[in-house]
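K.L.:
Mind having a look at this structure? Questions to follow.
The values are calculated or read from the model by the stated rules, or taken from the named source; none is laboratory data. The structure presented is a predicted model; accordingly, all values stated were derived computationally and were not measured. Note that each Cβ is placed from the backbone with ideal geometry, even for glycine, and that neighbours are counted across all protein chains shown. SASA here: full protein model, heavy atoms, side chains in, ligands and nucleic acids out. Shrake-Rupley method; radii C 1.70, N 1.55, O 1.52, S 1.80 Å.
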Amino acid sequence: MAEPMISYAWHAIQWQQLAQLHEEQRLPHALLLGGAPGIGKLRFARALLATLLCEQPKGFQACGACQACQLHASGSHPDLRELTPEEGKRQIGIDQVRSLQQFTAQSAHRDGGRKLALIHPAEAMNAYTANAVLKTLEEPAGDTVLILLSHSPSQLLPTIRSRCMQMNFPLPVREQALTWLETQLGGGDSAERLLDESGGRPLAALQLFEADGLAQWQRQDEALAALVAGRKDAVALAEEWQEQDSIELLDWWLRRLSSLIRHKSAGQPMTTDIWLPFAVLPDERLHGFMDEVLSVRAKLLRGAALNKRLLLEKLLLDWQSMLRSHV
Ligand SMILES: [Zn+2]
(Lines give C-alpha, C1' and ligand atoms only; values in the text may rest on other atoms or scores of the structure.)
Protein backbone atom coordinates (compact mmCIF):
# COMPACT_ATOMS: atom_id res chain seq x y z
CA MET A 1 0.00 0.00 0.00
CA ALA A 2 1.34 3.39 -1.00
CA GLU A 3 1.67 6.11 1.59
CA PRO A 4 -1.10 8.63 1.00
CA MET A 5 0.17 12.06 0.01
CA ILE A 6 -0.15 14.60 2.79
CA SER A 7 0.46 18.33 2.73
CA TYR A 8 3.51 19.94 4.36
CA ALA A 9 3.43 20.53 8.11
CA TRP A 10 3.58 24.32 7.64
CA HIS A 11 0.22 24.21 5.88
CA ALA A 12 -1.62 22.64 8.82
CA ILE A 13 -3.79 25.71 9.41
CA GLN A 14 -5.03 25.84 5.83
CA TRP A 15 -5.64 22.10 5.86
CA GLN A 16 -7.62 22.35 9.08
CA GLN A 17 -9.70 25.15 7.62
CA LEU A 18 -10.71 22.99 4.67
CA ALA A 19 -11.36 19.97 6.89
CA GLN A 20 -13.77 22.13 8.88
CA LEU A 21 -15.57 23.36 5.76
CA HIS A 22 -15.79 19.80 4.49
CA GLU A 23 -17.26 18.57 7.74
CA GLU A 24 -19.88 21.31 7.61
CA GLN A 25 -20.51 20.42 3.94
CA ARG A 26 -19.62 23.95 2.96
CA LEU A 27 -16.67 23.16 0.75
CA PRO A 28 -16.78 25.69 -2.12
CA HIS A 29 -16.96 24.66 -5.79
CA ALA A 30 -14.01 26.85 -6.66
CA LEU A 31 -10.90 27.32 -4.55
CA LEU A 32 -8.00 29.62 -5.28
CA LEU A 33 -4.76 28.71 -3.50
CA GLY A 34 -2.40 31.65 -3.63
CA GLY A 35 1.17 32.11 -2.45
CA ALA A 36 4.79 32.31 -3.52
CA PRO A 37 6.15 29.54 -5.76
CA GLY A 38 8.31 26.91 -4.07
CA ILE A 39 6.43 26.55 -0.77
CA GLY A 40 4.40 23.41 -1.49
CA LYS A 41 1.01 24.61 -2.72
CA LEU A 42 0.92 21.94 -5.43
CA ARG A 43 1.44 19.19 -2.91
CA PHE A 44 -1.31 20.69 -0.77
CA ALA A 45 -3.66 20.73 -3.78
CA ARG A 46 -2.86 17.14 -4.70
CA ALA A 47 -3.28 15.92 -1.13
CA LEU A 48 -6.64 17.68 -1.08
CA LEU A 49 -7.69 16.08 -4.36
CA ALA A 50 -6.68 12.65 -3.04
CA THR A 51 -8.71 13.22 0.12
CA LEU A 52 -11.80 14.34 -1.78
CA LEU A 53 -11.57 11.34 -4.13
CA CYS A 54 -10.89 8.77 -1.40
CA GLU A 55 -13.74 6.36 -0.70
CA GLN A 56 -12.71 5.58 2.87
CA PRO A 57 -11.02 8.73 4.16
CA LYS A 58 -9.64 8.67 7.69
CA GLY A 59 -10.82 11.93 9.12
CA PHE A 60 -9.90 14.44 6.45
CA GLN A 61 -7.08 12.38 4.98
CA ALA A 62 -6.95 9.97 2.04
CA CYS A 63 -6.57 6.33 3.12
CA GLY A 64 -4.07 5.49 0.37
CA ALA A 65 -5.55 1.99 0.00
CA CYS A 66 -9.02 2.14 -1.56
CA GLN A 67 -9.58 1.81 -5.28
CA ALA A 68 -10.00 5.57 -5.73
CA CYS A 69 -6.70 6.21 -3.94
CA GLN A 70 -4.96 3.65 -6.12
CA LEU A 71 -6.39 5.21 -9.28
CA HIS A 72 -5.27 8.62 -8.07
CA ALA A 73 -1.78 7.39 -7.22
CA SER A 74 -1.39 5.90 -10.69
CA GLY A 75 -2.57 9.14 -12.27
CA SER A 76 -5.58 7.52 -13.89
CA HIS A 77 -8.59 8.50 -11.81
CA PRO A 78 -11.35 9.23 -14.36
CA ASP A 79 -12.93 11.97 -12.25
CA LEU A 80 -9.83 14.11 -12.00
CA ARG A 81 -8.25 16.51 -14.48
CA GLU A 82 -5.07 18.52 -14.11
CA LEU A 83 -4.43 21.46 -16.41
CA THR A 84 -0.93 22.83 -16.65
CA PRO A 85 1.01 24.22 -19.63
CA GLU A 86 2.21 21.46 -21.93
CA GLU A 87 5.93 20.82 -22.00
CA GLY A 88 7.88 23.70 -23.47
CA LYS A 89 4.89 26.05 -23.28
CA ARG A 90 4.15 28.85 -20.87
CA GLN A 91 0.41 29.00 -21.48
CA ILE A 92 -2.47 26.61 -20.99
CA GLY A 93 -3.98 25.90 -24.42
CA ILE A 94 -7.60 26.44 -25.40
CA ASP A 95 -7.87 22.73 -26.33
CA GLN A 96 -6.98 21.84 -22.77
CA VAL A 97 -9.72 24.12 -21.46
CA ARG A 98 -12.26 22.70 -23.94
CA SER A 99 -11.56 19.19 -22.72
CA LEU A 100 -12.04 20.47 -19.17
CA GLN A 101 -15.43 21.87 -20.19
CA GLN A 102 -16.46 18.48 -21.57
CA PHE A 103 -15.26 16.80 -18.41
CA THR A 104 -17.28 19.07 -16.11
CA ALA A 105 -20.40 18.56 -18.24
CA GLN A 106 -20.28 14.77 -17.77
CA SER A 107 -21.35 13.00 -14.60
CA ALA A 108 -18.78 11.38 -12.34
CA HIS A 109 -17.52 7.89 -13.29
CA ARG A 110 -17.37 6.62 -9.73
CA ASP A 111 -20.73 6.21 -8.02
CA GLY A 112 -21.76 9.23 -6.04
CA GLY A 113 -18.30 10.67 -6.51
CA ARG A 114 -17.13 14.16 -7.23
CA LYS A 115 -15.38 15.51 -10.29
CA LEU A 116 -12.26 17.46 -9.51
CA ALA A 117 -10.05 19.69 -11.56
CA LEU A 118 -6.79 21.41 -10.77
CA ILE A 119 -5.38 24.28 -12.81
CA HIS A 120 -1.79 25.30 -12.12
CA PRO A 121 -0.58 27.93 -12.30
CA ALA A 122 -3.79 29.85 -12.97
CA GLU A 123 -1.80 32.78 -14.39
CA ALA A 124 -0.85 30.50 -17.30
CA MET A 125 -4.31 31.20 -18.71
CA ASN A 126 -4.68 34.13 -21.10
CA ALA A 127 -7.87 36.24 -21.21
CA TYR A 128 -9.44 33.86 -23.73
CA THR A 129 -8.81 30.62 -21.85
CA ALA A 130 -9.58 32.28 -18.52
CA ASN A 131 -12.98 33.30 -19.86
CA ALA A 132 -13.64 29.76 -21.02
CA VAL A 133 -12.80 28.52 -17.51
CA LEU A 134 -15.10 31.19 -16.06
CA LYS A 135 -17.97 29.58 -17.93
CA THR A 136 -17.30 26.29 -16.14
CA LEU A 137 -17.30 28.20 -12.84
CA GLU A 138 -20.65 29.75 -13.66
CA GLU A 139 -22.33 26.44 -14.44
CA PRO A 140 -21.18 23.98 -11.82
CA ALA A 141 -22.45 20.74 -13.32
CA GLY A 142 -23.17 18.54 -10.35
CA ASP A 143 -20.55 17.98 -7.74
CA THR A 144 -17.50 19.53 -9.40
CA VAL A 145 -14.72 21.15 -7.42
CA LEU A 146 -12.25 23.34 -9.28
CA ILE A 147 -8.94 24.20 -7.65
CA LEU A 148 -6.85 27.02 -9.04
CA LEU A 149 -3.32 27.44 -7.86
CA SER A 150 -1.61 30.77 -8.30
CA HIS A 151 1.82 32.20 -7.51
CA SER A 152 0.40 35.65 -8.04
CA PRO A 153 -3.40 35.88 -7.54
CA SER A 154 -3.42 39.64 -8.17
CA GLN A 155 -2.52 38.91 -11.81
CA LEU A 156 -5.71 36.92 -12.34
CA LEU A 157 -8.87 38.38 -13.81
CA PRO A 158 -10.99 39.92 -11.03
CA THR A 159 -13.94 37.89 -12.34
CA ILE A 160 -11.99 34.68 -11.66
CA ARG A 161 -10.91 35.77 -8.20
CA SER A 162 -14.40 36.83 -7.18
CA ARG A 163 -15.85 33.41 -8.03
CA CYS A 164 -13.38 31.48 -5.93
CA MET A 165 -12.83 31.11 -2.25
CA GLN A 166 -9.31 32.41 -1.87
CA MET A 167 -6.85 30.82 0.55
CA ASN A 168 -3.49 32.42 1.16
CA PHE A 169 -0.32 30.50 1.80
CA PRO A 170 2.30 32.65 3.52
CA LEU A 171 5.97 31.69 3.71
CA PRO A 172 6.57 28.96 6.28
CA VAL A 173 8.09 29.89 9.63
CA ARG A 174 11.86 29.83 9.21
CA GLU A 175 12.55 27.16 11.84
CA GLN A 176 10.03 24.81 10.30
CA ALA A 177 11.36 25.37 6.79
CA LEU A 178 14.94 24.88 7.97
CA THR A 179 14.18 21.64 9.81
CA TRP A 180 12.49 20.23 6.73
CA LEU A 181 15.29 21.33 4.42
CA GLU A 182 18.01 19.90 6.66
CA THR A 183 16.21 16.54 6.65
CA GLN A 184 15.99 16.60 2.87
CA LEU A 185 19.66 17.45 2.51
CA GLY A 186 20.66 14.80 5.05
CA GLY A 187 22.82 17.18 7.07
CA GLY A 188 25.44 19.54 5.74
CA ASP A 189 25.60 23.21 6.56
CA SER A 190 24.24 24.71 3.38
CA ALA A 191 20.57 24.67 4.43
CA GLU A 192 20.55 28.19 5.90
CA ARG A 193 22.32 29.70 2.91
CA LEU A 194 20.03 27.88 0.46
CA LEU A 195 16.95 29.04 2.34
CA ASP A 196 18.18 32.65 2.48
CA GLU A 197 18.98 32.63 -1.21
CA SER A 198 15.52 31.28 -1.93
CA GLY A 199 13.75 33.94 0.07
CA GLY A 200 12.57 31.49 2.76
CA ARG A 201 10.88 29.14 0.29
CA PRO A 202 11.90 25.58 1.26
CA LEU A 203 11.04 23.73 -1.96
CA ALA A 204 12.72 26.42 -4.02
CA ALA A 205 15.77 25.99 -1.76
CA LEU A 206 15.84 22.24 -2.37
CA GLN A 207 15.51 22.80 -6.09
CA LEU A 208 18.35 25.30 -5.95
CA PHE A 209 20.49 22.68 -4.22
CA GLU A 210 19.61 19.99 -6.75
CA ALA A 211 20.40 22.25 -9.70
CA ASP A 212 23.68 23.33 -8.09
CA GLY A 213 22.17 26.80 -8.23
CA LEU A 214 24.41 28.46 -5.64
CA ALA A 215 27.44 28.02 -7.89
CA GLN A 216 25.46 29.30 -10.86
CA TRP A 217 24.32 32.38 -8.93
CA GLN A 218 27.82 33.05 -7.76
CA ARG A 219 28.98 33.04 -11.38
CA GLN A 220 26.21 35.52 -12.19
CA ASP A 221 27.16 37.74 -9.25
CA GLU A 222 30.77 37.71 -10.39
CA ALA A 223 29.83 38.43 -14.00
CA LEU A 224 27.85 41.53 -13.03
CA ALA A 225 30.67 42.76 -10.81
CA ALA A 226 33.15 42.20 -13.65
CA LEU A 227 30.87 44.07 -16.03
CA VAL A 228 30.72 47.07 -13.75
CA ALA A 229 34.47 46.97 -13.17
CA GLY A 230 35.01 46.99 -16.93
CA ARG A 231 36.56 43.51 -16.95
CA LYS A 232 33.70 42.09 -18.99
CA ASP A 233 31.70 43.57 -21.81
CA ALA A 234 27.92 43.69 -22.08
CA VAL A 235 27.72 42.22 -25.56
CA ALA A 236 29.74 39.14 -24.61
CA LEU A 237 27.83 38.66 -21.37
CA ALA A 238 24.45 38.95 -23.12
CA GLU A 239 25.70 36.33 -25.57
CA GLU A 240 26.52 34.01 -22.65
CA TRP A 241 23.33 34.68 -20.75
CA GLN A 242 20.99 34.14 -23.66
CA GLU A 243 21.78 30.42 -23.41
CA GLN A 244 20.22 30.32 -19.94
CA ASP A 245 16.58 30.28 -18.86
CA SER A 246 16.05 34.03 -19.10
CA ILE A 247 13.04 34.13 -16.78
CA GLU A 248 15.03 32.42 -14.03
CA LEU A 249 17.91 34.78 -14.67
CA LEU A 250 15.72 37.88 -14.46
CA ASP A 251 14.01 36.54 -11.31
CA TRP A 252 17.44 36.12 -9.75
CA TRP A 253 18.33 39.69 -10.71
CA LEU A 254 15.07 41.00 -9.25
CA ARG A 255 15.66 39.13 -5.99
CA ARG A 256 19.18 40.54 -5.78
CA LEU A 257 17.84 44.07 -6.34
CA SER A 258 15.13 43.73 -3.71
CA SER A 259 17.52 42.33 -1.16
CA LEU A 260 19.88 45.22 -1.94
CA ILE A 261 17.04 47.65 -1.24
CA ARG A 262 16.19 45.83 2.00
CA HIS A 263 19.86 45.90 2.92
CA LYS A 264 19.95 49.67 2.45
CA SER A 265 16.72 50.46 4.24
CA ALA A 266 16.61 47.88 7.03
CA GLY A 267 20.26 46.83 7.26
CA GLN A 268 19.41 43.24 6.34
CA PRO A 269 22.57 41.31 5.45
CA MET A 270 23.20 40.51 1.80
CA THR A 271 23.89 36.84 1.01
CA THR A 272 26.90 37.93 -1.01
CA ASP A 273 29.40 40.77 -0.53
CA ILE A 274 29.79 41.22 -4.26
CA TRP A 275 26.67 43.36 -4.33
CA LEU A 276 27.68 45.77 -1.59
CA PRO A 277 29.27 48.34 -3.99
CA PHE A 278 25.86 48.65 -5.66
CA ALA A 279 24.43 50.00 -2.41
CA VAL A 280 25.64 53.49 -3.36
CA LEU A 281 22.79 53.69 -5.86
CA PRO A 282 19.76 55.62 -4.65
CA ASP A 283 16.58 53.62 -4.01
CA GLU A 284 14.65 55.31 -6.80
CA ARG A 285 17.30 54.31 -9.33
CA LEU A 286 17.16 50.72 -8.08
CA HIS A 287 13.37 50.71 -8.26
CA GLY A 288 13.52 52.20 -11.74
CA PHE A 289 15.88 49.46 -12.82
CA MET A 290 13.64 46.79 -11.28
CA ASP A 291 10.78 48.15 -13.41
CA GLU A 292 12.99 47.82 -16.45
CA VAL A 293 13.81 44.19 -15.59
CA LEU A 294 10.12 43.49 -14.98
CA SER A 295 9.17 44.90 -18.35
CA VAL A 296 11.79 42.77 -20.13
CA ARG A 297 10.50 39.77 -18.16
CA ALA A 298 6.94 40.46 -19.33
CA LYS A 299 8.12 40.78 -22.96
CA LEU A 300 9.94 37.46 -22.76
CA LEU A 301 6.90 35.79 -21.21
CA ARG A 302 4.81 37.00 -24.12
CA GLY A 303 7.30 35.16 -26.32
CA ALA A 304 9.59 37.88 -27.70
CA ALA A 305 12.26 35.20 -27.82
CA LEU A 306 13.98 36.55 -30.92
CA ASN A 307 15.07 39.69 -29.12
CA LYS A 308 16.36 37.88 -26.07
CA ARG A 309 20.03 38.71 -26.60
CA LEU A 310 19.30 42.35 -27.43
CA LEU A 311 17.00 42.75 -24.45
CA LEU A 312 19.65 41.33 -22.12
CA GLU A 313 22.34 43.47 -23.70
CA LYS A 314 20.29 46.63 -23.15
CA LEU A 315 19.72 45.71 -19.50
CA LEU A 316 23.41 45.04 -18.96
CA LEU A 317 24.44 48.31 -20.61
CA ASP A 318 21.93 50.26 -18.54
CA TRP A 319 23.12 48.61 -15.35
CA GLN A 320 26.73 49.33 -16.21
CA SER A 321 26.11 52.97 -17.07
CA MET A 322 23.90 53.51 -14.02
CA LEU A 323 26.73 52.69 -11.64
CA ARG A 324 29.33 54.48 -13.79
CA SER A 325 27.30 57.65 -14.00
CA HIS A 326 26.86 57.58 -10.25
CA VAL A 327 30.51 57.19 -9.22
ZN1 LIG B 1 -8.74 6.01 -0.15
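K.L.:
Solvent-accessible area per residue for segment 9-169 at a 1.4 Å probe radius, Å²?
P.N.:
Numbers: 7750 Å² over 161 residues.
For segment 9-169, the per-residue accessible area is 48 Å².
K.L.:
Would you work out the relative contact order for the chain, in percent, from Cα pairs under 8 angstrom that are 6 or more residues apart?
P.N.:
Details: 394 pairs, mean separation 56.0, N = 327.
Computed over the chain, the figure is 17 percent.
K.L.:
So which trypsin sites (Lys or Arg not before Pro) in segment 225-308 are both in a DSSP loop and have at most 13 other Cβ atoms within 10 Å of their Cβ?
P.N.:
ARG231, ARG302
K.L.:
Which percent of the accessible heavy-atom area of segment 9-169 goes to carbon and sulfur, probe 1.4 angstrom? Spell out each step's value before the answer.
P.N.:
Details: 3690 of 7750 Å².
Summing carbon and sulfur atoms, their accessible area is 48 percent of the total for segment 9-169.
K.L.:
As an exercise, identify the GluC sites (Glu not before Pro) in segment 1-91 lying in DSSP coil whose Cβ has no more than 10 other Cβ atoms within 10 Å.
P.N.:
On the way: sites: GLU23, GLU24, GLU55, GLU82, GLU86, GLU87; in loops: GLU24, GLU55, GLU86, GLU87.
Taking segment 1-91 and a limit of 10 other Cβ atoms within 10 Å, the loop GluC sites (Glu not before Pro) found are GLU24, GLU87.
K.L.:
On to the next question. Roughly to the nearest percent, how much of the accessible area of segment 212-326 is carbon and sulfur, given a 1.4 Å probe? Before the final figure, lay out each step's value.
P.N.:
On the way: 3050 of 5850 Å².
For segment 212-326, the apolar C and S fraction of the accessible surface comes to 52 percent.
K.L.:
Place a +1 charge on the Cβ of each Lys and Arg in the chain and a -1 charge on the Cβ of each Asp and Glu, then give the dipole magnitude about the Cα centre in debye, rounded to the nearest 20.
P.N.:
Details: 33 positive and 38 negative charges, 146 e Å.
Roughly 700 debye, rounded to the nearest 20.
K.L.:
Here is a follow-up. At 1.4 Å probe size, with every protein chain present, just tell me what the per residue accessible area of segment 212-326 comes to in Å².
P.N.:
Values: 5850 Å² over 115 residues.
Here the per-residue accessible area is 51 Å².
K.L.:
Same structure, new question: Quick one: Karplus J couplings for segment 166-178, per residue in order, coefficients 6.51, -1.76, 1.60, θ = phi - 60°, nearest Hz, x for Gly and Pro?
P.N.:
9, 10, 9, 10, x, 4, x, 4, 3, 4, 5, 5, 5
K.L.:
May I ask you to evaluate 6.51 cos²θ - 1.76 cosθ + 1.60, the Karplus curve with θ = phi - 60°, for each residue of segment 47-54 and list the ³J(HN,Hα) values in order in whole Hz, giving x for glycine and proline?
P.N.:
Along segment 47-54, the couplings run 5, 5, 4, 4, 5, 6, 7, 4 Hz.
K.L.:
Which one, GLN101, GLY188, PRO282, projects farthest toward the positive side of the charge dipole computed for the chain from Cβ point charges (K/R +1, D/E -1)?
P.N.:
Working it through, the farthest residue towards the positive pole turns out to be GLN101.
K.L.:
Could you tell me how many degrees, from 0 to 90 and to the nearest 10, lie between the Cα long axis of helix 283-301 and the main elongation axis, the longest principal axis, of the Cα atoms of the chain?
P.N.:
50
K.L.:
Moving on. Quick one, can you get me the convex hull of the C-alpha atoms of segment 39-170 expressed as volume per residue in Å³? Could the numbers behind the result be given before it?
P.N.:
On the way: hull volume 15.5 nm³, N = 132.
Output value, Cα hull per residue: 117 Å³.
K.L.:
Please identify every one of the GluC sites (Glu not before Pro) in segment 268-327 that sits in a loop by DSSP and has no more than 12 other beta carbons within 10 Å of its own beta carbon. List each step's numbers first, then the result.
P.N.:
Working: sites: GLU284, GLU292, GLU313; in loops: none.
When the GluC sites (Glu not before Pro) of segment 268-327 are filtered for loop state and at most 12 Cβ neighbours within 10 Å, nothing remains.
K.L.:
Still on this structure, I have one more. Apply the Karplus curve 6.51 cos²θ - 1.76 cosθ + 1.60, θ = phi - 60°, to the phi angles in segment 308-318 and return the couplings in whole Hz, x for Gly and Pro.
P.N.:
3, 5, 5, 4, 5, 4, 4, 4, 5, 5, 5
K.L.:
Have a look at LEU80, ALA229, ASN126 and report the one farthest towards the positive end of the charge dipole of the chain, computed about the Cα centre with Cβ charges (Lys/Arg +1, Asp/Glu -1).
P.N.:
ASN126
K.L.:
Another question about this same structure. What is the set of long-range amide H partners of ILE147 at a cut-off below 5 Å, with H atoms built 1.01 Å from backbone N?
P.N.:
Excluding prolines and chain starts, which carry no amide H, the hits are LEU31, ALA117, LEU118, ILE119.
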